[in-house]
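The values are calculated or read from the model by the stated rules, or taken from the named source; none is laboratory data. Predicted model, so just to flag it, every value in this text is computed and none were measured. Note that each Cβ is placed from the backbone with ideal geometry, even for glycine, and that neighbours are counted across all protein chains shown. Each accessible area value is taken on the protein alone, full model and side chains, heavy atoms only, with ligands, DNA and RNA left out. Shrake-Rupley method; radii C 1.70, N 1.55, O 1.52, S 1.80 Å.
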Amino acid sequence: MAAPAVNVMLAVHEKKTTAVELYRPLRQYIATNFSEREAQMAEDDLDSVRQMRSDVEKPTNPSPESRRDLLLSYYRAIALMEPRFPISSDRSHVNSLTFTWYDAFKPSKKASLQSIHLEKSAILFNIGAAYSQIALSADRTSPAGLKQACNGFQSAAGAFSMLREAVAPKLAALGGATIDLSVECAGMLERLMLAQAQECFFEKVIADAKPHGICSKVARQVGLFYEEAYATLNAAPLNQHFDRTWISHIQLKAAQFYAEACYRCSLELHGKEEIAEEIARLKIGINALTDAKKSVKGIAAPLLDAVSRLEGHMNQNLERAIKENDRVYLMRVPPASSLISLPAASLVKPVPMTEVLDASKERLFSNLVPDNSTKSLSRYTEIVDDIIRTQAEKLQQGSEITRVKLKELDLPDSILALDGSFSLPMDLKEDVEAVQISGGPAGLEAELQQLTDLRRVNQELLVQTEELLQKEANEDTQFRTQFGTKWTRPQSSTLTKNLLDRLNRFAANLKQAAESDARIERSIRDHSTFMSILDRRPIESALPNLARPIMSLDNNEDAIVGALKQSLRQLENLGAQRAGLEDMLKEMKRKDDILPKLLATSGSHEDLFKKEIAKYDSIREEIAQNIEAQEQLLLQIQAQNEEFAAIFNLEDYKVARDKCYKQIAAAIAKYREIKDNINEGMKFYVTLQDAINNVKQQCSDYVMTRNIQCREMLEDVQRQMAGLNFASGQSNLPRSTSHPSSDPQPAPRPSFTPPFFHWPGEHPRPGFSQPYTNYSPQQQPPPSPYQAPGQYQQYTNQPPSHDYSQPAYPGWRGPYYNTHMQQPAAGHPPPSPYNVPPQNYPQGGYYRPQ
């Protein structure tokens, strides 16, 4: 059994460069195109870039891993510089920078360009070279070293693949680059690195003693990778560029692993006793090695030894197989052209360098944001917003379709009614709960009693007020009868006419209010049974039940109900999934910040946009699947519901349920009407009570003032009766005349300090101490001290300055009061506070005819 060759592989040397001063040109560009302040802020970053470039120029013989890390860091720095610092011969660009790099395979050739693309391509080439050196330095005799080598070659292939696909084409468009940075050379190096990575796998399967068939497939793929690299080397522009030893090495490697595949296949065929094909495969492999050895030159001795050992094993097996066939099997050996190609199994691929070289997380030059990056970000945001909006609308439409369809099918209400857990529609349930919280129909009697109590209080106040005026009038009449013409003050009836009229109107209003209260009481009594449904707790107990059929032919009701419930649960799960997808969309949008990636990307951003937007593809697919699943499920639910409705006589139940809904709604409306009438009645009585109290206070003030005047006039009358004995005269006076008011006089309110009335042009009298002046009807009467100005003037025959009447009962359609409000005369003071304007009454439906 042939052993695999060890350490017979190739590594790529790095490209060399010349020194370049980056700091000054880049700082000058920042100061010119951004600001001096921005340039100062970027100085540390410029120092970092300058130091990295210096380390790239003069390697201090570090380990391959350290060299790789330096090159990766500098490449990310270049990626951040590219969109911020346009480097070219243009005057508006950084035009004082020229990068020079030598060819890695022909150091005598170099390229010098004013372009960041040359720098970027050369560094990416060197990254691939560093990975190849790491792989080659690994000890492949150990499993860990073999794994390290395999990973290193795959990473090198990833670097050269990125150079071939993304970077080299831009450099080729400029022209003047060396051949080692061409698309063809990058492709050849990618195939070479993959071949050596696959070769590591071959060494592993051999060491693990895997079956010959597997070893053959792995070996064949190694040969294919080498054949692809050899084909590229033999074509322009590489056929005259590489040293002959490279070409010979790759050519012989291709032949070696083709022969290895044939050898491993022959071992498998021998085990199956397929001697004829075994002989054919061995001959093909041996011929391939013989032809390759004739044309190759300068091959490393370890590789030649490995090929010779393989060739010797194959010749031995061929001789043995021919003898066995001649003596035992006697099978005809098929020609090579009749055999199928050997199968291959690729176990390696280029490691993507996108994440390794992603500069979006680097902080270099983060304060410098070019205008084109801002515009690109805005455009990308619009694209994402459109995606989010479109998908969100689909989700919302799906939920709305479900809601409408379930309402049309009366689901899940009919299922809940069957289980006894049905509830009223939310708006109707809220209305019932509001009625029950406010006391319900059972609480109307107590509120009606409150209305009656308020009416009684108003009536008592009215009686008390009338008694005050009546008592004063009786005393005035008694003194007028006793003293005759000497009792000259105005009669009470002339002063209290307006107050008495107002009190009469209050009495009439109270009478009508009592009639309205009686109508409310009758309405409660007449509709108590009708409204009693609102007192049911829970209200659902008043609803009809959906009963199971009395007779059933196949007893499949439970199966039908169970299937419908299961479908509804699935529909609910789809709805919950839509809610989760909507939240996921919002979260993805919140985290979607590509500005760092835009700043790390040069040229057109379309490829970046496509890549970033692709992350929304999975959730869009989930949304489409959800909507489609819902459509199918709704069709299934509709069919199941039709079967359910037919068995459970659902139409009759719906009629009875809707009738109950209407009864509850009508009871709520009647309850609210009565409740509103009671509330308006209470407001009315409270307002009327305030008005009566104000008039009562006016009457009390009037009576107090008349009592004061009475005492003063008694003194005047006694002085006029000089011929009479004062003592006897006083003794002849009735007890009530000596004290016009036997009741203790209340102290006047502090606010009642009216100035004395006086006629225009005269000085007001200082008090009531002066005797009254006799006057004839022809002359103007002098001011009377009984007329308390301001406070008391309203009780004369002059038009009242205030209107103490009440407005009509606001809720009653029709005159709750028969009299209209008296409008104050022009020039009179505004209405008093207790004269409540009509707009203060709530306009409602209180006291409507029941």
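Within the range 198-213, is even one residue basic (Lys, Arg) and either crowded, with 24+ Cβ neighbours inside 10 Å or free of Cβ contacts under 8 Å to residues at least 60 places away in the same chain (or both)?
If we filter the range 198-213 for residues that are basic (Lys, Arg), which is where we start, we get 204, 210.
Still in the running and either crowded, with 24+ Cβ neighbours inside 10 Å or free of Cβ contacts under 8 Å to residues at least 60 places away in the same chain (or both): 210.
Yes - at least one qualifying residue is present in the range 198-213.
Quick check: is even one residue across the range 407-415 farther than 20 Å from residue 612 by Cβ, at pLDDT 90 or above and part of a helix (DSSP H, G or I)?
Initial filter on the range 407-415 (farther than 20 Å from residue 612 by Cβ): 407-415.
Checking which are at pLDDT 90 or above leaves us with none.
Taking every residue of the range 407-415 in turn, none turns out to be farther than 20 Å from residue 612 by Cβ, at pLDDT 90 or above and part of a helix (DSSP H, G or I).
Pairs, please: C-beta under 9 Å, at least 6 apart or cross-chain, first residue closer than 15 Å to residue 390 by Cα and open to solvent by less than 40 Å² (accessible area, probe 1.4 Å) and in the range 569-597, second among the aromatic types (Phe, Trp, Tyr) and in a helix (DSSP H, G or I)?
Filtered contacts from the range 569-597: 585/616.
Restricting the first residue to the range 120-141 and requiring it to be in contact (Cβ under 8 Å) with a residue 60 or more places away in the chain, which pairs with a second residue that is of a type in the set (D, E, K, R) and open to solvent by 10 Å² or more (accessible area, probe 1.4 Å) meet a Cβ separation below 6 Å and a spacing of at least six or different chains?
126/14; 129/14; 130/67; 130/68
How do the pairs read when you match residues in the range 272-297 that are under 12 Å from residue 318 (Cα atoms) with residues anywhere that are open to solvent by 70 Å² or more (accessible area, probe 1.4 Å), using Cβ under 7 Å and keeping only pairs 6 or more apart or on different chains?
From the range 272-297, the pairs are 275/329; 275/331; 276/331; 276/332.
If a residue must be within 22 Å of residue 133 (Cβ to Cβ) and free of Cβ contacts under 8 Å to residues at least 12 places away in the same chain, how many such residues does the range 66-100 contain?
2
Is there any pair linking a residue in the range 640-663 that is part of a helix (DSSP H, G or I) to one that is open to solvent by 80 Å² or more (accessible area, probe 1.4 Å), with Cβ under 8 Å and at least six apart or on different chains, and which?
From the range 640-663, the pairs are 645/651.
Cβ-Cβ below 8 Å, separation at least six or inter-chain, first residue in the range 606-625 and under 21 Å from residue 376 (Cα atoms), second open to solvent by less than 80 Å² (accessible area, probe 1.4 Å) and outside any helix (DSSP H, G or I): which pairs?
608/594; 608/601; 612/592; 612/594
Take the residues of the range 236-281 that are touching a Phe, Trp or Tyr at 6+ places or on another chain (Cβ under 7 Å) and closer than 28 Å to residue 323 by Cα: which is surrounded by the most Cβ atoms within 10 Å (Cβ to Cβ)?
257
Just to verify a result, which residue in the range 658-701, among those that are of a type in the set (A, V, I, L, M, F, W, C) and closer than 24 Å to residue 466 by Cβ, is farthest from the chain's Cα centre (by Cα)? Break it down stepwise before answering.
Initially, the range 658-701 is screened for residues of a type in the set (A, V, I, L, M, F, W, C), giving 660, 664-669, 674, 678, 682, 684, 686, 688, 691-692, 695, 699.
From what's left, closer than 24 Å to residue 466 by Cβ: 684, 686, 688, 691-692, 695, 699.
Details: 684: 50, 686: 51, 688: 54, 691: 57, 692: 60, 695: 62, 699: 68 Å.
In this case the residue turns out to be 699.
Filter the range 31-40 down to the residues that are surrounded by fewer than 17 Cβ atoms within 10 Å (Cβ to Cβ), free of Cβ contacts under 8 Å to residues at least 24 places away in the same chain and touching a helix residue (DSSP H, G or I) at 6+ places or on another chain (Cβ under 6 Å) and list them by number. Full working, then the answer.
First, the residues of the range 31-40 that are surrounded by fewer than 17 Cβ atoms within 10 Å (Cβ to Cβ): 31-32, 35-38, 40.
If we keep only those that are free of Cβ contacts under 8 Å to residues at least 24 places away in the same chain too, we end up with 31-32, 35-37, 40.
Listed by number, the list holds a single entry, 31.
Assuming residue 297 fulfils every condition listed in (1) assigned to a loop (DSSP other than H, G, I, E, B); (2) over 18 Å from residue 261 (Cβ atoms); (3) in contact with a Lys or Arg (Cβ under 7 Å, 6 or more places away or on another chain); (4) open to solvent by less than 50 Å² (accessible area, probe 1.4 Å) apart from one, which condition is it?
Going through (1) assigned to a loop (DSSP other than H, G, I, E, B); (2) over 18 Å from residue 261 (Cβ atoms); (3) in contact with a Lys or Arg (Cβ under 7 Å, 6 or more places away or on another chain); (4) open to solvent by less than 50 Å² (accessible area, probe 1.4 Å) one by one, residue 297 breaks only (4).
Residue 400 - would you say it is at pLDDT 85 or above, out of contact with any Cys (no Cβ under 7 Å at 6 or more places or on another chain) and either of a type outside the set (Lys, Arg) or part of a loop (DSSP other than H, G, I, E, B) (or both)? Let's see the steps before the verdict.
Working: at pLDDT 85 or above: yes; out of contact with any Cys (no Cβ under 7 Å at 6 or more places or on another chain): yes; either of a type outside the set (Lys, Arg) or part of a loop (DSSP other than H, G, I, E, B) (or both): yes.
When the stated conditions are applied, residue 400 passes them.
Of the residues that make up the range 326-342, is at least one in contact with a helix residue (DSSP H, G or I) (Cβ under 8 Å, 6 or more places away or on another chain), surrounded by 16 or more Cβ atoms within 10 Å (Cβ to Cβ) and in a helix (DSSP H, G or I)?
No, every residue in the range 326-342 fails to be in contact with a helix residue (DSSP H, G or I) (Cβ under 8 Å, 6 or more places away or on another chain), surrounded by 16 or more Cβ atoms within 10 Å (Cβ to Cβ) and in a helix (DSSP H, G or I).
Of the residues 323, 349, 361, which is at pLDDT 90 or above, open to solvent by 70 Å² or more (accessible area, probe 1.4 Å) and under 30 Å from residue 612 (Cα atoms)?
Values: 323 fails: under 30 Å from residue 612 (Cα atoms); 361 fails: at pLDDT 90 or above.
349 is the lone residue from the list that is at pLDDT 90 or above, open to solvent by 70 Å² or more (accessible area, probe 1.4 Å) and under 30 Å from residue 612 (Cα atoms).
Does any residue in the range 319-347 that is under 30 Å from residue 191 (Cβ atoms) come within less than 9 Å, Cβ to Cβ, of a residue that is of a type in the set (Phe, Trp, Tyr) and part of a loop (DSSP other than H, G, I, E, B) six or more places away or on a different chain, and which pairs are these?
As it stands, the answer is none, since no pair meets every condition given.
Regarding residue 439, is this residue open to solvent by less than 50 Å² (accessible area, probe 1.4 Å) and at pLDDT below 90? Explain how you work it out, then say what you get.
Values: open to solvent by less than 50 Å² (accessible area, probe 1.4 Å): yes; at pLDDT below 90: yes.
Yes.
Just to be sure before I move on: is residue 63 loosely packed, with under 15 Cβ neighbours inside 10 Å and within 30 Å of residue 243 (Cα to Cα) in the structure I sent? Before the answer, list the steps.
Details: loosely packed, with under 15 Cβ neighbours inside 10 Å: yes; within 30 Å of residue 243 (Cα to Cα): yes.
In short, yes.
Quick one: is residue 11 modelled with pLDDT of 90 or more, within 30 Å of residue 216 (Cα to Cα) and out of contact with any strand residue (DSSP E or B) (no Cβ under 9 Å at 6 or more places or on another chain)? I'd like the intermediate steps shown before the answer.
On the way: modelled with pLDDT of 90 or more: yes; within 30 Å of residue 216 (Cα to Cα): yes; out of contact with any strand residue (DSSP E or B) (no Cβ under 9 Å at 6 or more places or on another chain): yes.
Here the answer is yes, as residue 11 does meet what is asked.
Pairs needed: first member in the range 228-249, closer than 15 Å to residue 186 by Cβ; second member anywhere, of a type in the set (Asp, Glu) and surrounded by 11 or more Cβ atoms within 10 Å (Cβ to Cβ); C-beta distance under 7 Å; at least 6 residues apart or different chains.
Matching pairs, first to second residue: 232/184; 237/184; 238/184.
So which residues in the range 531-559 are among the β-branched types (Val, Ile, Thr) and either at pLDDT 75 or above or surrounded by 11 or more Cβ atoms within 10 Å (Cβ to Cβ) (or both), if there are any at all? Steps first, please.
Restricting attention to the range 531-559, the residues satisfying the condition of being among the β-branched types (Val, Ile, Thr) are 533, 539, 550.
Those that are among the β-branched types (Val, Ile, Thr) and either at pLDDT 75 or above or surrounded by 11 or more Cβ atoms within 10 Å (Cβ to Cβ) (or both): 533, 539.
I'm trying to understand the selection: among the residues of the range 502-518, which are surrounded by 15 or more Cβ atoms within 10 Å (Cβ to Cβ) and of a type outside the set (A, V, I, L, M)?
Answer for the range 502-518, where residues must be surrounded by 15 or more Cβ atoms within 10 Å (Cβ to Cβ) and of a type outside the set (A, V, I, L, M): 502, 505, 506, 509, 512, 516, 517.
When both residues are 6+ apart or on different chains and their Cβ atoms are under 7 Å apart, which pairs have a first residue that lies in the range 41-65 and is within 16 Å of residue 25 (Cβ to Cβ), and a second that is β-branched (Val, Ile, Thr)?
Listed by first residue and then by second, the contacts come to 42/30; 53/20.
Which residues, taken from the range 479-497, are in contact (Cβ under 8 Å) with a residue 12 or more places away in the chain, surrounded by fewer than 16 Cβ atoms within 10 Å (Cβ to Cβ) and not hydroxyl-bearing (Ser, Thr, Tyr)?
Selection gives 482, 486, 491, 497.
I need the full set of residues from the range 214-235 which are open to solvent by less than 10 Å² (accessible area, probe 1.4 Å) and either over 19 Å from residue 163 (Cα atoms) or small (Gly, Ala, Ser) (or both), in order please.
Answer for the range 214-235, where residues must be open to solvent by less than 10 Å² (accessible area, probe 1.4 Å) and either over 19 Å from residue 163 (Cα atoms) or small (Gly, Ala, Ser) (or both): 215, 216, 218, 219, 222, 223, 226, 229.
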